[in-house]
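A short worksheet on the structure shown next.
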Amino acid sequence: MNARSNGRASASRNQREIAWDRYWSEVYRFESLQPGGFTRWAMPFLRAAEVRHVVDLGCGPGRDMCFLLEQGYVVVGVDCSSVAEALAAKSLVRLPAEARARSQLVRAELLPFLESQATASIGAVHASATYQDLSDLELTRLFHEVSRVLVAGGVHLWSVRSERHAGKARPDTVPPNFPELGFSVPLRFFSREDITGLAGNLFENLALEEVETAPGFFAFYAADRKPPRS
Ligand SMILES: C[S@@+](CC[C@H](N)C(=O)[O-])C[C@H]1O[C@@H](n2cnc3c(N)ncnc32)[C@H](O)[C@@H]1O
């Protein structure tokens, strides 16, 4: 992966970093190397793309990143939270040295990180439940950057909460918006139209599925591909 700079988070922490740092240090207690359901769903699309380099945007404590490394990929995990980065580093230690050697953790905001990457340098971008606190402008810029950094035929595998998710009515129940943390991060819930609109002409949609991940918890799973060169 060819980095022009590492796109690191600036010294002053924004509200998003503070929220996620507090969530991962004060609320999260579940340490597991089991990948999420979305990543299992996305694997056939990743395999079919025949790529080797994956960027995991918003990798959190690294459960999906570890799984992708076990599957033989070269994986860069990116997260703005220093607590998530430390948890991910701890997860990576449990992997065999050979798999660990294919990993890199970067603490950064997503957009500066993507902007620091060379054009057509990444095989796949994976983002599980990461895009829900981005503004309209950030999302539009992010999708353009993902398209730019992917190789032709590369895949964008992403999941977000759907507008049918129970948390839409009770955002205080959705991480990291727990009342005891004393702040909230604006969260969005996506419609099918939001998702197809974001992919626009930049990507071909390979699959889009609405899944109930737990009672009342609905998410969209999306697999998009940057068109192969004609
Ligand atoms: C809901 S968690 C998902 C973690 C992981 N993908 C998983 O499924 O286990 C979202 C993660 O994305 C990170 N994140 C959210 N917005 C971000 C941004 N703009 N830049 C960098 N990281 C971000 C948060 O710090 C958090 O660790």
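All of the numbers you see were taken from the coordinates with simple rules; none came from a lab. Since we're looking at a predicted model, the values are computed, not measured. When we count neighbours, we look across all protein chains shown, and the Cβ atoms used for this are built from the backbone with ideal geometry, even at glycine.
Antiparallel versus total DSSP beta bridges in the chain: what percent is that, nearest 5? Let's see the in-between values first.
Working: 17 of 37 bridges.
Taking every DSSP beta bridge with both residues in the chain, the antiparallel ones total about 45 percent.
Largest mean-square fluctuation among E85, E193, E138, in a Gaussian network model of the chain whose springs join Cα atoms under 10 Å apart, belongs to E193.
Using only the Cα atoms of the stretch 90-169, construct the convex hull and provide its projected area averaged over every direction, in square nanometres to one decimal. Before the final figure, lay out each step's value.
Details: hull surface 29.5 nm².
The number I arrive at for the stretch 90-169 is 7.4 nm².
Cα-Cα pairs above 32 Å in the chain: how many percent? The calculated P(r) of the chain puts 12 percent of pairs beyond 32 Å.
The slack between D194 and E138, meaning 0.36 nm per residue of separation minus the straight C-alpha distance, is 18.8 nm.
Above 18 Å lies some portion of the pair distances; for the stretch 106-230, what is it as a whole percent of all C-alpha pairs? Pairs farther apart than 18 Å: 55 percent.
How much length, in nm to one decimal, is gained on full extension between Q71 and L187, taken as 0.36 nm per residue of separation minus their Cα-Cα distance? Provide the component values of the computation, followed by the final result.
Values: separation 116, 0.36 × 116 = 41.76 nm, distance 3.20 nm.
Working it through step by step, the gained length comes to 38.6 nm.
What FRET efficiency, computed as 1/(1 + (r/R0)^6) with R0 = 35 Å and r the Cβ-Cβ distance, is obtained for A129 and R229, rounded to the nearest 0.05?
Details: r = 32 Å, r/R0 = 0.90.
Between A129 and R229 the formula returns 0.65.
Other residues with beta-carbon under 9 Å from the beta-carbon of E210 carry, at +1 per Lys or Arg and -1 per Asp or Glu, a net charge of 0. How many angstrom lie between the Cα centre of the stretch 76-131 and the Cα centre of the stretch 154-187? Their Cα centres are 21 Å away from one another. Which of N177, N14, N205 ends up with the largest GNM mean-square fluctuation for the chain, with Cα atoms connected below 10 Å? Checking each option, the largest mean-square fluctuation is seen for N14.
Once both labels are positioned 7 Å from their Cα atoms along Cα-to-Cβ, the gap between R40 and A214 label points is 1.6 nm.
Helix-derived [θ] at 222 nm for the chain: sum -39500 (n - 2.57) over DSSP H runs of at least 4, divide by residue count, nearest 500?
On the way: 8 runs with 73 residues, N = 230.
Helix contribution divided over all residues of the chain: -9000 deg cm²/dmol.
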